[in-house]
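Here's the structure, in structure tokens; my notes come after.
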Amino acid sequence: MNKQSMFHQLALIEEKVGGLYEEIGHLKNAMLELMEENKNLLIENQHLRERLQQRETELEKKEKRQSSGVKAKKDKKKRAVVGEGYDNLARLYQEGFHICNVHYGSLRTDGDCLFCLAFLNKQG
Ligand SMILES: [Zn+2]
């Protein structure tokens, strides 16, 4: 291989690497968007679980007033489902995101957030 052909080969490789580099950048951005979306969905999901649970608790209170029902089993199952969402939220908080209604999904920059902690305590 003569020098000129070598130089030509190198230029081709350089071009390919440049293209790959650009592609990696696009993929990284797409990944970040997905992570952000996933995080927001987790938070929204937990808020919805919370509202559902509130609603069910209200309904139960109403039912209890009407009849002393036997639904201990159902309650236990429901609590497990809520607990799963709680774990997700606690992990998000550990990863540095707000999970409170006040700062909903933004990055925590000033250490612990009292709203988030209050929210977690309420769930746990
Ligand atoms: Zn917060």
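The values are calculated or read from the model by the stated rules, or taken from the named source; none is laboratory data. Just so it is clear, the structure is predicted and the values come from calculations on it, not from any experiment. With ideal geometry, Cβ positions are generated from the backbone for all residues, glycine too; neighbour counts draw on all protein chains shown. What goes into the accessible areas is simple: the full protein's heavy atoms, side chains included, and nothing from ligands, DNA or RNA. Shrake-Rupley method; radii C 1.70, N 1.55, O 1.52, S 1.80 Å.
Return the total of residues in segment 107-117 being loosely packed, with under 12 Cβ neighbours inside 10 Å, near the ligand (Cβ under 10 Å from one of its atoms) and not charged (D, E, K, R).
Result for segment 107-117: 1.
Take segment 92-118 and flag every residue that is in contact with a strand residue (DSSP E or B) (Cβ under 9 Å, 6 or more places away or on another chain) and of a type in the set (S, T, N, Q).
Within segment 92-118, just Ser106 meets the criteria.
Right, Asn88: open to solvent by 70 Å² or more (accessible area, probe 1.4 Å) and either part of a helix (DSSP H, G or I) or at pLDDT below 85 (or both) or not? So that I can check it myself, show each step before the final result.
Working: open to solvent by 70 Å² or more (accessible area, probe 1.4 Å): no; either part of a helix (DSSP H, G or I) or at pLDDT below 85 (or both): yes.
When the stated conditions are applied, Asn88 does not pass them.
Counting just the residues of segment 95-106 that are open to solvent by less than 90 Å² (accessible area, probe 1.4 Å) and more than 9 Å from the ligand (Cβ to nearest atom), which one comes out farthest from Asn45 (Cα to Cα)?
First pass over segment 95-106, keeping only residues open to solvent by less than 90 Å² (accessible area, probe 1.4 Å): 96-100, 102-103, 105-106.
Checking the rest, the ones that are also more than 9 Å from the ligand (Cβ to nearest atom) come to 96, 105.
Numbers: Gly96: 18, Gly105: 12 Å.
Taking the candidates together, the pick is Gly96.
Can you name the condition, by its number, that Lys28 falls short on among (1) loosely packed, with under 12 Cβ neighbours inside 10 Å; (2) modelled with pLDDT of 85 or more; (3) over 26 Å from the mean Cα position of the chain (by Cα)?
Every condition holds for Lys28 apart from (3).
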